[in-house]
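**Student:** Please read through the structure below; I'll follow up with questions.
The values are calculated or read from the model by the stated rules, or taken from the named source; none is laboratory data. Note that the coordinates shown come from a computational prediction; the quantities given were computed from them, not determined experimentally. Reconstructed Cβ throughout: ideal geometry from the backbone, glycine too, with neighbour counts over all protein chains shown.
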Amino acid sequence: MLNFNGTEELKKFLSNEILLTHEATEYLGISSQRLHQLVQSGKITPIKSTKSSSLFLKSELYERKFEIEKSYGPGRSTTTPMGLNTVETVNDAINYFTLLSLFKNKNKKCDPIYFHLSNQIDMTMETAKIAQELSSITGFDEREILFESNKVQKGFELLRKDDLIVKIGTELYPALLSKTDQAPVFLFMRGNPNLLKFNAISIVGTRNPSEYGKKRAQTLSEKLGLNRIVVASGLAKGIDTSAHWGAVNKKNPTIAVIGTPITKSYPKENEELQSIIESNGLVISQFAPSMNVQRWNFPMRNAVMSGLSLATVIIEAGETSGSLIQADYALKQGRMVFIPQSAIENEDLKWPTKYVQQKGAYKFSTINELLTTLAKHHNELLPSIEETVEAPASISEGSVGYVSKDE
């Protein structure tokens, strides 16, 4: 039963969570005729109906929306707005990554200059047409600007026609990520961008897990999918791979946030898995096709993965694991971090006790406990989240446990 502390709280709930028929069709991205069919078949039940309209509970529509959007695949149209990957979008991205290359891929130096230039110059024009102005403002030699631009452009030619270039501030850019200090100016996406409309949880851990750890990652991924939560991970060996397969094997969507351009696969052994996710899920990269793969790419992608997720779950990790980098980012970004109880009890590990003492970090013994904690605390940590996460009543409990000290 819903409880409200006052009239204003009730008004807010009614405004945000009760949708009229036309609002429901917009939210689901379907026609009014299709909505009527779903109601008639019993797949959607309005909370009240009249001859002229009906009222729908948004949380119930969310479940149906998840089923609709996760079925995206080759040949199916998306709700992607028109105008993405226009000539202007591509030029803008090429100019940005040209500057980034000139600044030796140091975003903190490049980004303020890029936004300053955007107020002075039309950055959606070809580099050749604005190279002189870029040179006069930045001090870089015009020939050097054109040389770097040519390299970036050749890299962009490796992108597929349906790859998306998404700029911060546009509709498809992950809303949660955009609110973080680590949000990249541009993201490259291959697959189903509609998955970004749903709650996501990251599952991360060591590249050298125990068999038990692999099983726990896969089981957690399966259970999250059953509860209409999209699993995000980094497509690395070990725990990441198990988490992605847990979703794929149950035909549930998963998001891979990778540390290479989307035109490359790493590690090679996950090339097939990456291809499957491209067709049935979503692959995201912040790195242009022209960029080399560097070891510092991977901590950067951890910040992005954390930023687009409600929470990060660490399955197995050693004291120097890259997963702890993501945990640090998650806590800084106001996200939740979940640590298995068995990790805290492992005397060989020091990091679990250190993290669980911090605000936003929680221990858990079962998947049900994790989801209940998420539902209880996420609103106070993330007040701007549009969708409400509710703890499911019918999830099977199971230990998600042992944390290895191996990395």
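**Student:** Do we find a residue being touching a Ser or Thr at 6+ places or on another chain (Cβ under 6 Å) and within 23 Å of Arg64 (Cα to Cα) anywhere in segment 222-241?
**Tutor:** Yes, that holds for at least one residue.
**Student:** Keeping to segment 185-220, report how many residues are more than 19 Å from Ala343 (Cα to Cα), in contact with a Lys or Arg (Cβ under 9 Å, 6 or more places away or on another chain) and not charged (D, E, K, R).
**Tutor:** Count: 8.
**Student:** I would also like to ask the following. Out of segment 216-241, which residues are of a type in the set (Lys, Arg), closer than 23 Å to Ile325 by Cα and part of a helix (DSSP H, G or I)?
**Tutor:** Arg216
**Student:** Among the β-branched types (Val, Ile, Thr) and part of a helix (DSSP H, G or I): is that true of Thr124 in this structure?
**Tutor:** So Thr124 does not fit the description; no.
**Student:** Among the listed residues Thr170, Thr98, Thr180, which satisfies the condition of being in contact with a helix residue (DSSP H, G or I) (Cβ under 6 Å, 6 or more places away or on another chain), among the β-branched types (Val, Ile, Thr) and part of a loop (DSSP other than H, G, I, E, B)?
**Tutor:** Thr180
**Student:** Something else: Identify, please: which residue in segment 253-282 is crowded, with 22+ Cβ neighbours inside 10 Å and touching a Lys or Arg at 6+ places or on another chain (Cβ under 6 Å) and is, among those, modelled with the lowest pLDDT?
**Tutor:** Pro253
**Student:** Can you name the residue in segment 324-353 that is in contact (Cβ under 8 Å) with a residue 24 or more places away in the chain and assigned to a loop (DSSP other than H, G, I, E, B) and, of all such residues, is nearest to Thr206 (Cα to Cα)?
**Tutor:** That would be Leu349.
**Student:** To continue, here is another question. Considering each residue of segment 301-323, count those that are at pLDDT below 95 and assigned to a helix (DSSP H, G or I), and give that number.
**Tutor:** Selection size over segment 301-323: 2.
**Student:** Answer with yes or no whether Val283 is outside any loop (DSSP other than H, G, I, E, B), in contact with a helix residue (DSSP H, G or I) (Cβ under 9 Å, 6 or more places away or on another chain), aliphatic (A, V, I, L, M) and in contact (Cβ under 8 Å) with a residue 40 or more places away in the chain.
**Tutor:** Taking the combined requirement at face value, the residue satisfies it.
**Student:** Considering only segment 24-50, how many residues are at pLDDT 80 or above and either in the same structural domain as Leu195 (by TED's automatic domain parsing) or touching a strand residue (DSSP E or B) at 6+ places or on another chain (Cβ under 8 Å) (or both)?
**Tutor:** Final tally of qualifying residues: 7.
**Student:** Also, quick follow-up: If a residue has to be among the aliphatic types (A, V, I, L, M) and either assigned to a helix (DSSP H, G or I) or surrounded by fewer than 21 Cβ atoms within 10 Å (Cβ to Cβ) (or both) to count, how many in segment 186-210 make the cut?
**Tutor:** Counting residues in segment 186-210 that are among the aliphatic types (A, V, I, L, M) and either assigned to a helix (DSSP H, G or I) or surrounded by fewer than 21 Cβ atoms within 10 Å (Cβ to Cβ) (or both) gives 2.
**Student:** Identify all residues within segment 227-265 that are polar (S, T, N, Q) and either farther than 18 Å from Asn194 by Cα or free of Cβ contacts under 8 Å to residues at least 24 places away in the same chain (or both); write none if there are none.
**Tutor:** Passing the criteria: Thr241, Ser242, Asn249, Thr260, Thr263, Ser265.
**Student:** Do any residues in segment 175-200 that are touching a residue at least 60 places away in the same chain (Cβ under 8 Å) have Cβ atoms under 6 Å from those of residues that are part of a loop (DSSP other than H, G, I, E, B) and of a type in the set (Asp, Glu), where the two are at least six apart or on different chains, and which pairs are they?
**Tutor:** Note: pairs meeting the criteria are Arg190/Asp163; Asn199/Glu387.
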